[in-house]
Structure formats: C-alpha cells, structure tokens
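Each remark here refers to the structure printed beneath this line.
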Amino acid sequence: MDPENAPCPMGAESAPCPMGAESAPCPMGAESAPWWTRAVVYQVYPRSFQDSDGDGIGDLGGILQRLDHLADLGVDVLWLSPIYPSPQADNGYDISDYQDVDPLFGSLAQLDELIAALHRRGMKLVMDLVVNHTSDEHPWFEESRASRTSPKRDWYWWRPPRRGMAGGDPGAEPTNWQSFFSGPMWDYDEPSGEYYLHLFDRRQPDLNWENPEVRHAVYSMMRWWLDRGVDGFRMDVINMISKDVAADGHLHDGPPLHGSALGDGSASYLCGPRIHEFLQEMHREVFAGRDAALLTVGEMPGVTVEQARLFTDPGRAEVDMVFQFEHVGLDQGSSKWDLRPLRMRDLKASLGRWQAGLADVGWNSLYWDNHDQPRAVSRFGDDSPAFRRDSATCLATLLHLHRGTPYVYQGQEIGMANYPFASVDDFRDIESVNHFGTAMVAGQDPIAVLAAMRRMSRDNARTPVQWDDTEHAGFTLGTPWLPVNPDHGEWNAAAQRKDDTSVLAHYRRLIALRHENPVVALGDFAMLLPDHEHVYAFTRTLGREVLLVVCNLSRTTYRLADLLPQALDARLVLGNLPDEDAELLRPWEARVLSTWSRPDGRARGGTHARDRSAGPRLRTDGQCPAGYTTGTGRGRERPTGTRARRTPCAARHPCS
Ligand code: NOJ
C-alpha cells in the first residue's frame, strides 16, 4: 500500500494520512476526524441506575426503560460498567464468567435487546473489559489454585514466600507492594504453600499476561462480544497488565510507603515493559479488519502525557483514547484519603499540559465524575443550595469545552451530590470498608477517617439515580441496595426535564454544541490566565473561528474588563446564568463566547450580543431555526417562568 494513502487505523471514518514514520500523526481536519472526537459518552453503573424487578438493585431491564433519557440528552455512547456473572465483591469488577450476564442484572437476551435498542436510536454500547484480574471464583482461578501442577497454574501470579520466611508470616509476601484496596498485594494459599498476586482485593487475582494462552483466551472473548454487536470496550486498569518480571521470575520490591510496613510497587506494574506490545497484539487480534466504528478506551491510572501519546497515536494501533487520573489526584496528598485543597493553578497546569501534549497526536477522555470518584459538584463545585446548580453547570461547561471526549456519569447531568453518610455502617464499597478496617488496626482516629471517607468514598457516586421525588426516587419499588440521597425531592430528573434553566438542560446544550460545532471537537486549545486563583479561561481555535471560554470557579464576582477585555466584544454562544450584565463575571458563571479572527490573523469581536445584525433570532419557542445553533444568544438560560428573548443564533459551521 502506498504509505501516503494508508488509512488511519483507528476510527472507521478517519481520512487517509501519511504513515511513513511509525508515529506520524494523523492530522485531524473537521471532515476526517474519527467519529468519537465529536461524541459524548454516558456511563451507566448498572446496580444504581434503574431497578426493574423490585430487588433494589439496578438491572438491564431498568436501563432499557430509561433509554429515552439518554436519547434526550443526546449522548452517543453508553459505557456499561460490568454486568457479567460475579460474586460482586467489587460490584462486578470481579468477574467469574466473561461471556454471560449475571442474573442479578438480567440475561444475555436482554443485553442483545439493549444493543439493538441503542443502535436503533443511533447510540453505541461500550462494555467494561476487566482483564487485569478475574474473580477468585472464575473457573480459571479455581483450576489454577487447585494444585501447583495445574495446567492453569501459570495463568495467575503464584510465588513462594520470601526467601527464609514461612508462608503467612508478616512480611513473608514475595514483594512489599501495598494493594489499592489496603493491605498487601499477596494472599497466602495454605494448601499449595504459595502466594497469589492481587493488585486490588484478595478476591481479584491478577491474570498473568506473560502467558500467551491467557492473552489469546481474552482476545477470543473480546471477539465474541464484538460479533454479538457491541461497539467497543472501556478497558479497566489496562496499563497494569504488564508486570516488570525478571528473567528468573523475580518481582521487585518498591520504595517503602510513609507510615506503612508496605511499599509502592507501581514501578513494576504501571505501563510495564510489554504493555505496548500487548495492546498492539490485542489490536491485531481483536479489532483489525473490522469495519465497524468501534471505540477503545484505556483506563490508565498513573499514565503520563508522554506515555498517553504512544498509547493513542493512531499510527501505533493500541487504543483510541486514554482515561487518565492526574486532575482527580490534585486534591490529595499521600493517598486519596489525605485530602488537600485543590489549587486552581495546579488544575490549569495539569489539564493544560494534557491539552498541549495530545494536541498533534493522540486523544484524551474528559471527566470529573465516575463510579470511582465522589460527586464533582460536592468536590470541585459548591453544593450549597445557592450555588449547586450554577457550579454544576460551570464545571460541566469547563470540561465539555476542552479538546477530548467528554464522559457524563449517571446523575451528573442532574447535579447529583455526595451522600450525607452518618456512620461507617452506611458504606458498602470494598475500598472504603477495607480502608476503615486497616486504619483502625493502625490506630488512626475513627472520626478523622470517617470524615475523609464521607468526602472521598466511591459510594458517593453509587447512590441510586434520582429520577423523581417519590420515596426511592423512582429507582426501585423495593429497598435500594444503597440509600437514595435525601435531597432527591428537589434534585431529580423529572423536575429538571421541565425546567429550561436546569442542570439537565445545560448538559443537553453542551452536548449539542459539540455535535454541531467542529471547533468544540477539534479546535486548538490555549490556556489563558494560568495563575488566576478563581477564573479558568481558554480559547479553542479552528480556522478563523475562536471560542473564548471563561469560567468563574468561585463565589467572587469579577469584572471581565479587568481579566479578559476581548470577552466584552464577543458574541455569547452558551452561558450558564441568565443574561444580566455582560461586564460582570458572576459567582460560578461560565460563558462560551465567539470571537472571530480576521483574515489578517487578528482577533475581531464577533457579533456582539446586542448587535442586531447577527443571524436569525430565537423563535418564540426559544429554539433557533434549522441550520443554526440552538442555545445561542443571551437569552439561552432564563429563570423559570420568564419568556425566551428574541436573541441571535449562530450559523452551524462558521469555520467552513
Ligand atoms: C478500576 C475500576 O474503575 C474500579 O471500580 C475497580 O474497583 C478497579 N479498577 C478494579 O477492577
């Protein structure tokens, strides 16, 4: 094949690009960019989404009932957290059968129904792929642990006790690595006299990817799902599958962790020596040659920008985008329970570096919330009654206007907040429960431990979705497995659906903006005001179109003229507060402004909001006419009960 015309390997709609050099970037023009650059992903954590059978646990039947909610929102992809058979030690991230559905969630037939129903609505289904580890109840592990000579022994990481020590003795573990879920990463198996490795809970043993049989079993399972019609995978901790193992099978101790007898083994398992080889092999074995428009997302804790460029360079054929953690670690000290105030300068430096690092090659996911993070409106926003709606919409605007693929986690689109946990007995999450136990053994202050759990526990994200103001928020007719947040009387989807100023309405507009305006998907990013402690501002530029995004992440009011005079002469594309004073940037206000650049390259104020020569006006129903972007103009978000103003709309593709 002529290398000049070799297609970009990932993304069915990508255009030809030069492939001479191994990592030659594919230029992303508005016409040739992969479909997922303009897509928005919605994550469903099935046990908390919608229950259809009254057992208090969400299920596939429930998801099928709520597809209109996703269609209304306008999302393109549903990422489904695990629904496979599982003992549920880690809510399904401990899989005991990769090719079935747990009866708790429904059946394979219902999953087929879900695939078909999504496809009918023009949406895709991305499955969670958890192959760094299995459940200890997976038949592969049961066979592996059966004896030292089992044909599957080498499918997992088995090692003898540390030299000179007896199995089970403190410190006899083969390495000193501390588990993500507290305690050592090794569990002693008395009958066989060896330890097995588990980066997470002891019920989640790590698969040994060094063994080609393991890899090929995984690839075959993945092909089976693609053949069934799924559209890709979100790959759980996929940058941990390659471990740094010496030729003699030895694994290395890590540096000691402060205040612990254990060490940090991450150098041995984060982006290990064979990770790129494994992902390229997976790509060849599973994805190559399929012409469907698929999506692969690598969840990669600890990945650096430089590594992410390699993982997502289309020319290398590994994954489409990474899901990285740097920005959600900025409010933490030695561990996630050691909370620090988030400094705006750090957030800008981090997100800005990721924007710059993946500007010419590679792709990133954009998220605040997911099933592992506390609710962003409580963590980075202001969930007090006065500012909850405004801070939720401000954070959303900031994120969705970056370059990358935005992820909406269930409930985020209605501003769901952290749960008011009263005692340790209220928590269900294995990470939180293990942490509390270990902290008590270590003699830590239970009040302080509980305070940190209240703010950071993953259970904050896992309370049931608040659909309406009825007893269990419309989530179940039974008893919910985790209590519904008592604020659901006020904060629920049904109420917000009727309110054009709601968080939900704002998400709808943000998603539409990405679909309609190529500068949102593909524009270059430039950070402004990098040192300002409250105002987060940047531009996105594509061709002659420049968007200026200004977000005030505080309760302080600023004068725009003092910060960004160019904003005063720009046209409002989307904002989160009612139109009042263009010169003031109010608490938690976010504005997306359009400033066109002149052919000579100098910025020109676009159509000023009050300039009557702008495009057509909003219709009386508040919508723009066909071919024009809705949600534009100063009247886009009105206090409930007020009428839409006849304000200008923007042409859909002004850069073309
Ligand atoms: C990352 C997942 O997002 C998390 O929920 C899970 O506990 C760990 N991986 C282990 O699978």
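What list of ³J(HN,Hα) values in whole Hz, one per residue of region 299-312 in order, does the Karplus curve 6.51 cos²θ - 1.76 cosθ + 1.60 (θ = phi - 60°) give from phi, with Gly and Pro shown as x?
6, 9, x, x, 6, 9, 4, 4, 5, 4, 4, 5, 4, 10
Over all directions, the average projected area of the alpha-carbon convex hull for region 427-574 comes to how many nm²?
Computed as one quarter of the Cα hull surface, the answer is 13.7 nm².
What's the tally of Lys pairs in the chain whose alpha-carbon atoms lie under 29 angstrom apart, where the two lysines are 8 or more places apart or on different chains? Write down the numbers at each step before the final one.
Numbers: Lys124/Lys498; Lys152/Lys243; Lys243/Lys336; Lys336/Lys348.
Taking the chain as the scope, the lysine pair count is 4.
With everything on Cα atoms, drop me the angle between helix 503-516 and the longest principal axis of the chain, reported from 0 to 90° to the nearest 10.
Orientation of helix 503-516: about 80 degrees from the principal axis.
Which residue, His435, Ser179, Val319, has the largest displacement toward the positive end of the dipole of the chain when charges sit on each Cβ (Lys, Arg +1; Asp, Glu -1)?
Farthest towards the positive pole: Val319.
With each run of n ≥ 4 DSSP H residues scored as -39500 (n - 2.57), what mean residue ellipticity at 222 nm is computed for the chain after dividing by its residue count and rounding to the nearest 500 deg cm²/dmol? Mind dumping the intermediate values first?
Numbers: 18 runs with 157 residues, N = 656.
Calculated mean residue ellipticity at 222 nm is -6500 deg cm²/dmol.
Where the convex hull is taken over the Cα atoms of region 171-305, what is its projected area averaged over directions, in nm²?
The orientation-averaged projected area of the Cα hull of region 171-305 comes to 10.0 nm².
If the label point is 7 Å along Cα→Cβ of Thr557, which residues in region 516-550 have backbone nitrogen under 18 Å from it?
534-535
Using only the C-alpha atoms of region 95-194, find the volume of their convex hull and express it per residue in Å³.
In region 95-194, the Cα hull volume divided by residue count equals 139 Å³.
When you have a sec, figure out the Kirkwood radius of the chain from all distinct Cα pair distances and drop it here in Å to one decimal? Kindly include the intermediate steps, with their values, before the conclusion.
Numbers: mean 1/r = 0.0385 Å⁻¹.
It works out to 26.0 Å.
Compute the label zone of Arg228 within region 72-98: residues whose backbone N is under 17 Å from the point 7 Å along Cα-to-Cβ.
Output list for this probe position: 78-87, 92-98.
For region 307-406, compute Rh as the Kirkwood radius over C-alpha pairs and then the Stokes-Einstein diffusion coefficient at 25 °C and 0.890 mPa s; write the answer in µm²/s, rounded to an integer.
On the way: Rh = 14.7 Å.
Rounded, D is 167 µm²/s.
Can you tell me the dipole magnitude for the chain around its Cα centre, using point charges on the Cβ only (Lys, Arg +1; Asp, Glu -1), in Debye to the nearest 20?
Values: 67 positive and 91 negative charges, 615 e Å.
With Lys and Arg at +1 and Asp and Glu at -1, about 2960 debye.
Any chance you could give the angle, 0 to 90 degrees and rounded to 10, that helix 212-228 forms with the longest Cα principal axis of the chain?
40 degrees
With unit charges on the beta carbon (Lys/Arg positive, Asp/Glu negative), name the residue among Leu529, Trp354, Ala146 whose Cα is farthest towards the positive pole of the charge dipole of the chain.
Towards the positive end, the residue furthest out is Leu529.
Provide the descending list of Cα extents for region 246-363 along its principal axes, expressed in whole angstroms.
Extents along the principal axes: 51, 45, 20 Å.
Read the figures in this text as sums done on the coordinates, not as results from a lab. These numbers were taken from a predicted model, which means no experiment stands behind them. So basically every Cβ, Gly included, is an ideal-geometry build from the backbone, and we count neighbours across all protein chains shown.
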